[in-house]
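The values are calculated or read from the model by the stated rules, or taken from the named source; none is laboratory data. Please read these numbers as outputs of a predicted model, since none were measured by experiment. Counting neighbours? That spans all protein chains shown, and the Cβs are built from the backbone with ideal geometry, glycine included. These area figures cover heavy atoms from the full protein model, side chains too; ligands, DNA and RNA do not enter into them. Shrake-Rupley method; radii C 1.70, N 1.55, O 1.52, S 1.80 Å.
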Amino acid sequence: MDGPQGKDVGSDGNGGGSEHDVVARAFVEYYYHTFDTDRAALAALYGSTSMLSFEGHRVAGAEEIGTKLAQLPFEQCRHSVVTVDCQPTPSFPAGILVFVSGNLRLAGEEHQLRFSQMFQLVPNEHGSFFVQNDIFRLNYG
């Protein structure tokens with residue numbers, strides 16, 4: 001991952017420094033690095049109530065999400081994050097909504113693909129976060 005490169009990093013327009021901005025940026029860096037290097041390890045970021053919508057295909061639960069991500073029809077890819085925006089979520093106290101846009105390059109492909117992804121991070125009983133909701137879409141056109 002090349003890291004957030006856009007000007008819209010954070011929710012306050014100037015890169016942010018609030019706790020939710022720091023958590024969101026750290027999560028995004030970890031998520032895409034792990035996706036690009038050890039995709040099977042991503043299942044640990046989800047919980048039993050988590051949901052993933054990947055290009056319109058929905059799966060629920062950490063195990064099923066891990067299986068879906070592991071079975072994607074490509075071996076390797078590289079994400080480049082362009083923007084990261086986040087907001088606190090009052091419906092889940094201390095939760096964070098994270099919206100990411102960027103590019104990904106599949107191994108052996110000449111052109112990059114644009115993508116958008118939304119995560120809802122929710123605190124867990126260990127003082128960390130898990131991904132409650134994850135929505136991924138390629139952006140065509």
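Here the extension length gained between A94 and E29 equals 21.4 nm, from 0.36 nm per residue of separation less the Cα-Cα distance. Multiplying the residue separation of A60 and R78 by 0.36 nm and subtracting their alpha-carbon distance yields 4.0 nm.
Around the amide H of F129, modelled in the peptide plane, lie the amide H atoms of N124, all under 5 Å away and 5 or more residues distant in sequence or on another chain. I want to check the label-to-label distance for N124 and A70. Put each point 7 Å from Cα in the C-beta direction and report it in nm to one decimal. Placing both labels 7 Å along Cα→Cβ, they lie 1.7 nm apart. Annotation: per residue accessible area for the chain equals 56 Å², rounded to a whole number [probe 1.4 Å, protein chains only]. Counted by Cβ distance under 11 Å from Q71, the other residues give a net charge of +1, where Lys and Arg count +1 and Asp and Glu count -1. The antiparallel fraction among DSSP beta bridges confined to the chain stands at about 85%.
For the chain, the share of accessible area belonging to carbon and sulfur comes to 51 percent (1.4 Å probe, ligands and nucleic acids excluded).
Dipole magnitude for the chain: computed about the Cα centre from +1 point charges on Lys and Arg Cβ and -1 point charges on Asp and Glu Cβ, it is near 240 debye.
Net charge of the neighbourhood of S53, taken over other residues with C-beta under 15 Å away and scored Lys/Arg +1, Asp/Glu -1, is 0.
Would you kindly give the portion of the calculated P(r) for the chain that falls above 27 Å, as a percent of all Cα pairs? Beyond 27 Å sits 16 percent of the P(r) for the chain.
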